[in-house]
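Every number here is computed from the coordinates shown, using simple stated rules; none is lab data. Because the structure is a prediction, the values reported are computed rather than measured. In this analysis, Cβ positions are derived from the backbone assuming ideal geometry, glycine residues included, and neighbour counts consider all displayed protein chains.
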């Protein structure tokens, strides 16, 4: 296959698989909520307990709670256990043993958050009975990476560890010690335009919801040290793709330029996927697997997955959801937000991670965006965003954003 034909194939694949239009009237939202299990008495990471029976382990917590809630334990193609929930959601595990609650999509923010909070509360109560805390912070505040072994030894995670180890420590920290609140949104009639807007919102999301100032029992000097880990783990597969040409073309370039972590060249180094293509050494399965290892701030997956938000406690969980649906699902508000934003770049992402809302430029724009988001969320109506959820989110913004503070400042 020639390079020209190959590029055409990849662009079409990205357009048809990742940037999938949806009816404008469909405005659903989903959450992936990550938690860090730690032992309450020592603060050490809690063992996952996949490979052996342990009374005091994360698997014990999930199995006990899941047995009474109708959860079905399964094994993924990645070699990791997970649980299917009766409502269509999933409970999965990250390589360091982090929990991840994946909700089904819902058009009602109130319903989505109500179900998620009920599940999280039940899990937390069950964990507390065993002396385990499910921490809602962006990164392990008390332990360094030496305290957290790889707890799911699937081929995928072993290969990822090997790849990140050749770059530096941030990759394995990300894999084993970080936790995020990810929000998934429909692409609408023009998913490329919505993706661009979300990419440009990403620094402000990082700053507004920064909740990982401390790492390994020390102040890092970053509002979001989780975001800093992402900034430094591998620039070829993180951040925001360039703003040149169409979104599909930009994402295709981004994917082809990223190193293929699944294989090494004869001399032992890692090559961009595009170089394998030039050599004719690729197939569609390899391409699909490679794309699954890209971690931009906003990942197109047939829907749009926003990845810029640190893990947040139950009280704050609704604020990023209200913020995003208020800005994205109201066309006039989205256009107003677009006018407020310059294209996100690496410098802005770095400033957001380090300074949060204390950066005057970021802080002022964030406050303006919040005002728009509250107005937009209210305009969606009570059935979409109930008054109680809107008020809880508004109170968060009063207490933090409008005071140039983020959740991590509350510690």
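General remarks:
- Descending by average beta-carbon neighbour count within 10 Å, the peptides 37-45, 190-198 line up as 190-198, 37-45, the highest first.
- Inter-label distance, residue 315 to residue 388: 1.7 nm, where each label sits 7 Å from its Cα along the C-beta direction.
- Computed over the chain: relative contact order in percent, which uses C-alpha pairs under 8 Å that are six or more apart: 21 percent
- For the stretch 3-406, alpha-carbon Rg and Dmax in angstrom: 20.6, 61
- The GNM of the chain, with springs linking C-alpha atoms under 10 angstrom apart, assigns the highest mean-square fluctuation among 49, 381, 30 to 381.
- Listed peptides 63-70, 230-237 appear in the order 230-237, 63-70 once ranked by packing, highest mean of other Cβ atoms within 10 Å at the front.
- Here's the picture: a label point sits 7 Å out from the Cα of residue 246 along the beta-carbon direction, and within the stretch 20-42 the residues with their amide nitrogen under 16 Å of it are 20-22.
- Between residue 42 and residue 331, the contour length at 0.36 nm per residue exceeds the alpha carbon distance by 99.1 nm.
- A crude spin-label estimate for the pair residue 375 and residue 347, with each label 7 Å from Cα along the Cβ direction, gives 3.0 nm.
- Mean residue ellipticity, 222 nm, helices only, the chain: the sum of -39500 (n - 2.57) across DSSP H runs of n ≥ 4, divided by residue count and rounded to 500, is -14000 deg cm²/dmol.
- A crude spin-label estimate for the pair residue 153 and residue 275, with each label 7 Å from Cα along the Cβ direction, gives 3.1 nm.
- Using the alpha-carbon positions of the stretch 111-165, Rg (one decimal) and Dmax (whole number) come out as 15.6, 41 Å.
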